[in-house]
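The values are calculated or read from the model by the stated rules, or taken from the named source; none is laboratory data. Fair warning: this is a prediction, and the values are worked out from it, not measured in the lab. Don't worry about glycine lacking a Cβ; one is built from the backbone with ideal geometry, like all the others, and counts go over all protein chains shown. With ligands, DNA and RNA removed, areas are computed over all heavy atoms of the protein, side chains included. Shrake-Rupley method; radii C 1.70, N 1.55, O 1.52, S 1.80 Å.
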Amino acid sequence: MKTSYLIAPLLAASILFSSCSTTPVTGRKQLNMTSDSEVAKMSIAAFEQMKQQMPISSHATYNDMLQNVGFRISQQVFADMPLAEWEFVVFDQPEVNAFAMPGGKVGVFMGLFKIVKTEDELASVVAHEIAHVTARHTHERISQQMVLGAGSTLIGIAAAVSGTAALGNGTYINAAPTIMGLYGIGAGQAAASWDQGKEAEADHIGIMYMARAGYDPNASITVMERMVELEGPMGGNNYNSTHPSSMDRLNALHSYLDDAIAEYEKSKDMFF
Ligand SMILES: [Zn+2]
């Protein structure tokens with residue numbers, strides 16, 4: 001198989017960059033086998049593809065809200081994402097979804113505005129998504145794929161950097177579906193497929209980020225309450241037992257609220 005020629009040097013290169021890192025706020029130790037610059041580069045390439053493949057919304061109010069939120073939150077994570085080329089795009093897609101990538105690329109689907117009504121509420125979602133990046137969940141997922149020897153993912157990553165990748169017999173695959181799978185983005189898929197621990201971690205880090213950026217952390221409670229309503233009595237556990245229900249996440253958010261409000265009060269000196 002020609003693909004092995006492609007995978008071996010990639011794997012060797014990534015092992016050179018192996019390291020352990022620590023998540024912000026929660027301080028969890030984690031395995032990291034990928035280089036920051038490679039991950040940023042392939043994310044930026046994948047985002048370019050997504051912009052070509054998905055319609056972009058020109059809704060003035062939503063775009064203004066997202067640019068404001070993006071500017072203020074990106075300033076809070078400047079040190080954690082030095083390679084970011086920040087860009088915030090509203091995609092004209094009906095799903096209740098949003099995502100952030102290590103290269104500083106953030107997408108919000110129009111459907112999200114069904115449960116997000118104010119700038120503070122939008123900040124809670126964007127901060128959560130960026131927390132997945134600064135907590136290096138994406139890096140971890142790619143590292144795990146490498147440990148599992150999932151060749152198709154490595155081809156996908158290579159493809160994401162170069163645009164397309166050869167399958168060895170003259171056929172080419174499109175990178176976007178693979179990289180979008182890594183981020184838990186899929187057609188008709190409402191929620192990213194992170195496990196319970198990572199969702200909780202992103203909620204915890206995210207509520208601190210939004211507070212430091214001068215957004216009222218109570219808005220994260222409001223958004224999660226609407227998610228609970230949207231999911232109905234069965235909750236998020238209905239489709240996947242490792243995925244936390246919005247009710248569990250709502251309870252956890254309440255436990256972070258006092259600390260977040262303290263940060264918010266401090267931020268008022270800077271923003272108001
Ligand atoms: Zn999440």
Unmet requirement for ASN63, which otherwise passes all of (1) in contact (Cβ under 8 Å) with a residue 40 or more places away in the chain; (2) out of contact with any helix residue (DSSP H, G or I) (no Cβ under 8 Å at 6 or more places or on another chain); (3) of a type outside the set (Asp, Glu): (1)
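For segment 89-125, how many residues meet the condition of being among the hydrophobic types (A, V, I, L, M, F, W, C) and out of contact with any Gly (no Cβ under 7 Å at 6 or more places or on another chain)? Steps first, please.
Step one: of segment 89-125, the residues among the hydrophobic types (A, V, I, L, M, F, W, C) are 89-91, 96, 98-101, 106, 108-110, 112-113, 115-116, 122-123, 125.
Now restrict to residues that are out of contact with any Gly (no Cβ under 7 Å at 6 or more places or on another chain): 90, 100-101, 108-110, 112-113, 115-116, 122-123, 125.
So the answer is 13.
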Selection within segment 192-221 - out of contact with any Ser or Thr (no Cβ under 6 Å at 6 or more places or on another chain), in a loop (DSSP other than H, G, I, E, B), modelled with pLDDT under 95 and open to solvent by 30 Å² or more (accessible area, probe 1.4 Å): SER193
Qualifying positions in segment 52-63 - open to solvent by less than 70 Å² (accessible area, probe 1.4 Å) and farther than 22 Å from ALA123 by Cα: MET54, PRO55
Residues of segment 83-138 satisfying the condition of being in contact with a Lys or Arg (Cβ under 8 Å, 6 or more places away or on another chain), open to solvent by less than 20 Å² (accessible area, probe 1.4 Å) and not aliphatic (A, V, I, L, M): GLY103, HIS132, HIS137
